[in-house]
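Data first, discussion second: the structure below is written as structure tokens.
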Amino acid sequence: MMEGIYKEKRKHESAFKLAKLLIAEDHSWKLSSQKEDTGKTNPMGDIAPPKPEKSENLEGTTLTPLLIATSTGIVEIVKEILRVYPQAVDHVTPDKSWNILHVAISHRQLEIFRIVRKMEIPMARLVRRIDEDGYTILHHVGVMEYYTGGTVPGPVLQLQEELLWFERVQKIIPSHYEMHRCQIKQKTAQTHQFDLEAQAAEIHHVTQPTEASQNIPPIHEISELSPLIPQTAQDKQFQEMHARILKEVQELLKRTSQITEASQTAQTAQELFEQSHAALLKEAQEWLKRTSEACSAVAVLIATVAFAAAYTVPGGSNQDTGVPILLHDPFFLVFTVMDVLSLASSLTSVVMFLSILTSPFELQDFRHSLPQKLTLGFTFLFFSVAVTMLAFAATIILIIHLKKRWTTTLIYTAAFLPVSVFALLQFPLYVAFMSTVRFSWKVIRSVLPSCFLPSRFKNTTTGSIYKTL
């Protein structure tokens, strides 16, 4: 195993050395576009002008090695390219006008995003870039074309990760960019009709119009007004021309009625994000409901057992005084404390899961509120299972009065077996919840007075709450 790890490490080092040599000789970023960005936003959602023809300068590809490394998340190569060619950070793709921030955000490359964010001078320009589709970098958070499921398991945490991405990008863009509406080209049947009318008028232009021809109604109304045209016209040539125009216009209008291309509405980044994440939101809602219902049922069962154990103490009670017979046994105190903790933690877990089930499940609730409740619910449920098994082990020892140390150890080990299995199965989920736990702890530290905190936390400011975002 160690030999395999060593070989993989050597391969990685050799590949990186080769990449350094290629980067030093590579100048393909010079061929990429460096278009001027006006930085003008579009809050009204006007229709975009026709795009220029696509130009590709990199022999069939529109991405430089820097942008390719960014899209695949190869941090070492990105750092090396920016070290050797710092000016490459400003270049964009010639077809879509994407810069390194557009690519990093679209492919959800957080580490590369943080590297670029530390470059304060280029960031002032990069965040203002609007691509050929009219998308700001905040719009690209809502683009799901390159989304592969995120870095965390479960739809709830994936949706939370996406919301944190939106919040993270929202902080670095100018405030008025949030109202920018992406410019989407619109083409409706009405615009086609006007184009066809103009074409027909150009084809059948009358060089010497008569007085009768000047009173011809608009072309899109000829088919409706044809019965009103006089049957005996003095100009025979005009009659023939009018009949020919009427026939061709009817064919053009027939083609126009068959156009089914729907017009699209320009959207802000928030609207695009909500629309593109609607399916993930629905999946997260269903998963959270099912999980909360199942966990609350288990927590209620544990609470019932703990409540019943309080009235059926091990060893029984004195019939005259009602005092437990084993009251002065050391393990009786262990049983009492564990039973109280089991009941309290299980009921707290029930409250957390019921709070989740009664929440409105809005999109913004998945940013912090619902994940925090789910984390607390799982934590109290796990703790209730652990202390319930400890109470069971203390009860066994009290009843059969075991004096051998190895037997007592064996019983405690058996009691912790289901707890250990539960912990191992839920460990990946707890690791994924660590960001939520850290955020909750930072909120608590910001609220509590400094006198209640250890000295190493007194210099922590409220602004550090969002440092990890």
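Residues to consider are Gln109, Gln158, Gln170; find the one that is of a type outside the set (Phe, Trp, Tyr), closer than 18 Å to Ala88 by Cβ, within 15 Å of the chain's Cα centre (by Cα) and outside the structural domain of Gln372 (by TED's automatic domain parsing).
So the residue among Gln109, Gln158, Gln170 that is of a type outside the set (Phe, Trp, Tyr), closer than 18 Å to Ala88 by Cβ, within 15 Å of the chain's Cα centre (by Cα) and outside the structural domain of Gln372 (by TED's automatic domain parsing) is Gln109.
Quick one: what pairs do we get from segment 290-301, first residue assigned by TED's automatic domain parsing to the domain that holds Asp339, second surrounded by fewer than 17 Cβ atoms within 10 Å (Cβ to Cβ) and of a type in the set (A, V, I, L, M, F, W, C), C-beta under 6 Å, 6+ apart or different chains?
Ser292/Leu357
Based on this model, can you work out whether Glu120 counts as modelled with pLDDT of 85 or more and within 26 Å of the chain's Cα centre (by Cα)?
Answer is yes for this residue.
List the residue pairs whose Cβ atoms are under 8 Å apart, where the first residue sits in segment 12-30 and is small (Gly, Ala, Ser), the second is at pLDDT 80 or above, and the two are 6 or more positions apart or on different chains.
Pairs that qualify, where the first residue is small (Gly, Ala, Ser) and the partner is at pLDDT 80 or above, are Ala19/Glu76; Ala19/Ile77; Ala19/Glu80; Ala24/Val84; Ser28/Thr64; Ser28/Pro65.
Working only within segment 13-26, note down all residues that are touching a helix residue (DSSP H, G or I) at 6+ places or on another chain (Cβ under 9 Å) and either in a helix (DSSP H, G or I) or at pLDDT 80 or above (or both).
Residues satisfying the conditions are Phe16, Ala19, Lys20, Leu22, Ile23, Ala24.
Of the residues that make up segment 99-113, is at least one at negative phi, in contact with a strand residue (DSSP E or B) (Cβ under 6 Å, 6 or more places away or on another chain), surrounded by 20 or more Cβ atoms within 10 Å (Cβ to Cβ) and in a loop (DSSP other than H, G, I, E, B)?
yes
What's the total number of residues in segment 74-94 that are in contact with a Ser or Thr (Cβ under 8 Å, 6 or more places away or on another chain) and part of a helix (DSSP H, G or I)?
2
Which of the numbered conditions does Arg129 fail, given that it passes all the others? Conditions: (1) in contact (Cβ under 8 Å) with a residue 40 or more places away in the chain; (2) touching a Gly at 6+ places or on another chain (Cβ under 6 Å); (3) not aromatic (Phe, Trp, Tyr).
Condition not satisfied by Arg129: (2).
How many residues are among the polar types (S, T, N, Q), over 17 Å from Thr268 (Cβ atoms) and buried (at least 20 other Cβ atoms within 10 Å of the Cβ) when one looks only at segment 114-172?
Qualifying residue count for the region: 2.
Based on what the data block shows, is Val127 closer than 18 Å to Ile173 by Cβ and at pLDDT 90 or above?
The answer is yes for Val127.
Being closer than 22 Å to Leu272 by Cα and of a type in the set (Asp, Glu) narrows it down to one of Glu111, Glu120, Glu145, Glu76, so name that one.
Within the list Glu111, Glu120, Glu145, Glu76, the selection yields Glu145.
If we keep just the residues of segment 299-313 that are in contact with a helix residue (DSSP H, G or I) (Cβ under 7 Å, 6 or more places away or on another chain) and surrounded by fewer than 20 Cβ atoms within 10 Å (Cβ to Cβ), which is modelled with the lowest pLDDT?
Of everything passing the filter in segment 299-313, Ala310 is modelled with the lowest pLDDT.
Only one residue in Leu370, Leu333, Leu327 is at pLDDT 90 or above and either assigned by TED's automatic domain parsing to the domain that holds Leu159 or among the aliphatic types (A, V, I, L, M) (or both), so which one is that?
Sole residue among the options that is at pLDDT 90 or above and either assigned by TED's automatic domain parsing to the domain that holds Leu159 or among the aliphatic types (A, V, I, L, M) (or both): Leu370.
The values are calculated or read from the model by the stated rules, or taken from the named source; none is laboratory data. It should be emphasised that the depicted structure is a prediction, and the values quoted were computed from it without experimental measurement. Using ideal geometry, Cβ is built from the backbone for each residue, glycine included, and neighbour counts are taken over all protein chains shown.
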